[in-house]
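Trainee: This is the structure I want to talk about, given as structure tokens.
The values are calculated or read from the model by the stated rules, or taken from the named source; none is laboratory data. Bear in mind the structure is a predicted one, so any value in this text is a computation, not a measurement. Glycine also receives a Cβ, built like all others from the backbone with ideal geometry; neighbour counts cover every protein chain displayed. Just so you know, the surface numbers come from the protein's heavy atoms only, side chains and all, with ligands and any DNA or RNA stripped out. Shrake-Rupley method; radii C 1.70, N 1.55, O 1.52, S 1.80 Å.
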Amino acid sequence: FTLFNKAKGTGLPRQLNDGTVVGSRGTNLDQGALQASGRPLDVALLGPGFLVVRGPQGELLTRDGRLKLGPDGQLQAMDGLPILGKGGQPLTVDPTGGRLTIAADGSVQQNGAVLGQLELRDVAYPLGLKKIGNSRFDGANAQPQAASPNTTLAQGHLEQSGVDMPSAMV
């Protein structure tokens with residue numbers, strides 16, 4: 001890291017320190033605005049909770065509700081990782097079986113028959129979340145627990161970023 005002095009065309013010494021501290025809030029987990037997507041497999045999370053995804057090294061948490069059906073009818077994140085239902089197992093639907101409904105509590109229905117319920121989790125210690133990438137978090141140090149009734153889903157919607165860009169830029 002070298003600062004460059006344009007006037008003299010020379011680098012400034014590394015020891016330059018005026019006492020300025022650059023702060024970071026970490027990942028912003030504030031609720032973002034909802035936007036209607038029209039896709040029945042999109043779900044926006046309302047409240048503090050997370051969906052659970054099975055990653056290569058175990059369970060990961062995400063607020064990214066863009067879901068898709070895998071070739072075998074498994075509910076998946078857009079990158080193909082399975083979305084888990086209650087009990088820690090992926091949910092599978094009939095890909096040709098008709099209308100799919102996801103209720104506010106995460107219950108998944110197809111043609112009126114309940115197929116399962118999406119696993120929703122809250123974390124007791126949000127600062128313990130470790131960002132993995134692709135909107136995913138390792139929640140092992142965040143004390144994950146069953147989601148409170150304050151966490152619900154809105155089918156056909158996506159949550160927009162909760163970042164206030166002007167504040168973030170300052």
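Trainee: With the requirement that a residue be free of Cβ contacts under 8 Å to residues at least 60 places away in the same chain, of a type outside the set (A, V, I, L, M) and either assigned to a strand (DSSP E or B) or open to solvent by 20 Å² or more (accessible area, probe 1.4 Å) (or both), what does the range 65-75 give you? Working first, answer last.
Mentor: Of all residues in the range 65-75, those free of Cβ contacts under 8 Å to residues at least 60 places away in the same chain come to 67-75.
So of that shortlist, the ones also of a type outside the set (A, V, I, L, M) come out as 68, 70-74.
K68, P71, D72, Q74 - these are the residues of the range 65-75 that are free of Cβ contacts under 8 Å to residues at least 60 places away in the same chain, of a type outside the set (A, V, I, L, M) and either assigned to a strand (DSSP E or B) or open to solvent by 20 Å² or more (accessible area, probe 1.4 Å) (or both).
Trainee: S161 - would you say it is out of contact with any Leu (no Cβ under 7 Å at 6 or more places or on another chain), within 17 Å of G65 (Cα to Cα), at pLDDT below 90 and surrounded by 15 or more Cβ atoms within 10 Å (Cβ to Cβ)?
Mentor: Numbers: out of contact with any Leu (no Cβ under 7 Å at 6 or more places or on another chain): yes; within 17 Å of G65 (Cα to Cα): yes; at pLDDT below 90: yes; surrounded by 15 or more Cβ atoms within 10 Å (Cβ to Cβ): no.
Spelling it out, it is not the case that S161 is out of contact with any Leu (no Cβ under 7 Å at 6 or more places or on another chain), within 17 Å of G65 (Cα to Cα), at pLDDT below 90 and surrounded by 15 or more Cβ atoms within 10 Å (Cβ to Cβ).
Trainee: Could you name every one of the strands (runs of 3 or more DSSP E) located completely within the range 78-133 that has at least 2 residues being open to solvent by less than 60 Å² (accessible area, probe 1.4 Å)?
Mentor: Details: elements: 100-102, 107-110, 113-117, 120-123, 130-133.
Result: 100-102, 107-110, 113-117, 120-123.
Trainee: A further question on this structure: For R39, are the conditions met, namely being out of contact with any His (no Cβ under 8 Å at 6 or more places or on another chain), in contact (Cβ under 8 Å) with a residue 24 or more places away in the chain and closer than 26 Å to N150 by Cβ? Even if it seems obvious, please write down each step before you answer.
Mentor: Details: out of contact with any His (no Cβ under 8 Å at 6 or more places or on another chain): yes; in contact (Cβ under 8 Å) with a residue 24 or more places away in the chain: yes; closer than 26 Å to N150 by Cβ: yes.
In short, yes.
Trainee: Can we say T62 is surrounded by fewer than 14 Cβ atoms within 10 Å (Cβ to Cβ) and of a type in the set (S, T, Y)? Please lay out each step first, then the result.
Mentor: Working: surrounded by fewer than 14 Cβ atoms within 10 Å (Cβ to Cβ): no; of a type in the set (S, T, Y): yes.
Against the criterion (surrounded by fewer than 14 Cβ atoms within 10 Å (Cβ to Cβ) and of a type in the set (S, T, Y)), T62 does not qualify.
Trainee: Now a separate question. Is there any pair linking a residue in the range 76-91 that is basic (K, R) to one that is open to solvent by less than 40 Å² (accessible area, probe 1.4 Å) and part of a loop (DSSP other than H, G, I, E, B), with Cβ under 7 Å and at least six apart or on different chains, and which?
Mentor: Qualifying pairs under 7 Å: K86/E119.
Trainee: Among the numbered conditions (1) under 20 Å from Q143 (Cα atoms); (2) modelled with pLDDT under 90; (3) part of a strand (DSSP E or B); (4) not polar (S, T, N, Q), tell me where G11 comes up short.
Mentor: The failed condition is (1).
Trainee: Continuing with the same structure: If you go through the range 134-145 one residue at a time, how many are surrounded by fewer than 16 Cβ atoms within 10 Å (Cβ to Cβ) and under 23 Å from L34 (Cα atoms)? I'd like the intermediate steps shown before the answer.
Mentor: Just the residues of the range 134-145 that are surrounded by fewer than 16 Cβ atoms within 10 Å (Cβ to Cβ), to begin with: 134, 140-141, 143, 145.
Adding the requirement that they be under 23 Å from L34 (Cα atoms) leaves 134.
Result for the range 134-145: 1.
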